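So the structure is just underneath, and the comments pick up after that.
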Amino acid sequence: MVRAESLTRVDAALLSWLQAHSTPVGHTIARAVTRLGSPDLILTAGLLVAVILAARRETLLLQGWIIALVGGEVLNAALKRIIQRPRPPHSVISSPESWSFPSGHAMESLIGYGMAAYLIIVLVPAARARRGAIVLAAASLIVAIGFSRMYLGVHYFSDVIGGYTAGGLWLAMSISGVELARGWQSRDRASRWEETA
């Protein structure tokens with residue numbers, strides 16, 4: 001179990017620095033940014049994307065999307081339960097009744113927005129030419145959400161990094177699984193076409 005007394009120097013120093021240099025305007029901005037990674041928004045966006053994928057009959061992508069989001073939520077809850085790190089003692093907003101490590105906002109926003117960027121690149125032909133810009137936009141939003149959690153004093157630096165690490169691994173596995181399945185699907189279609197040709 002990770003306890004407050006075993007926090008790294010970086011965690012304690014960065015949290016103290018942010019608290020000392022935070023402002024009311026900064027708090028307002030951070031609250032707005034942190035909402036973009038809230039479970040409610042991720043769930044709403046997740047359902048909307050699922051409906052779009054179902055309407056387009058993108059079965060593999062729909063399955064990958066659901067597995068990525070649901071699996072990320074389950075993984076985050078499991079890690080919190082195993083590690084059981086208390087949240088910072090003082091925060092600008094009321095912190096939820098859950099453990100601190102890893103940051104759910106950081107982890108689930110990386111999975112959600114990362115997977116959304118992947119879907120856009122796969123499904124929108126013009127997006128492939130702008131792949132770098134799409135990835136950069138998603139990454140910037142994800143980093144901003146993670147920083148907002150620290151700025152508001154809800155998470156420590158290592159909570160956010162832990163969320164990014166676990167989320168990144170799960171996202172990579174999810175995308176790899178989808179790409180593997182799409183490859184099998186393409187080969188199956190090609191072999192059926194050759195048989196009928």
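What to note about this one:
- Test: residue in region 128-150 that is open to solvent by less than 40 Å² (accessible area, probe 1.4 Å), part of a helix (DSSP H, G or I) and more than 28 Å from PRO24 (Cβ to Cβ): yes
- Selection status of GLY64, in contact with a Leu (Cβ under 9 Å, 6 or more places away or on another chain) and over 24 Å from TRP184 (Cα atoms): no
- Check on ALA116, of a type in the set (Gly, Ala, Ser) and more than 15 Å from the chain's Cα centre (by Cα): no
- Qualifying residue in region 156-172 (condition: hydrophobic (A, V, I, L, M, F, W, C), assigned to a helix (DSSP H, G or I), more than 30 Å from PRO89 (Cα to Cα) and touching a residue at least 40 places away in the same chain (Cβ under 8 Å)): yes
- Residue within region 85-99 that is open to solvent by 40 Å² or more (accessible area, probe 1.4 Å) and either assigned to a helix (DSSP H, G or I) or at pLDDT 90 or above (or both) present: no
- The residues of region 33-55 that are open to solvent by 50 Å² or more (accessible area, probe 1.4 Å) and part of a helix (DSSP H, G or I), listed by number, are ARG35, PRO39, ASP40, LEU41, LEU43, THR44, LEU47, LEU48, VAL51, ILE52, ALA54, ALA55.
The values are calculated or read from the model by the stated rules, or taken from the named source; none is laboratory data. Quantities reported herein were computed from a predicted structural model and do not represent experimental measurements. Glycine gets a Cβ as well: all are built from the backbone with ideal geometry, and neighbour counts include every protein chain shown. Surface accessibility is based on the protein's heavy atoms, side chains included, excluding ligands, DNA and RNA. Shrake-Rupley method; radii C 1.70, N 1.55, O 1.52, S 1.80 Å.
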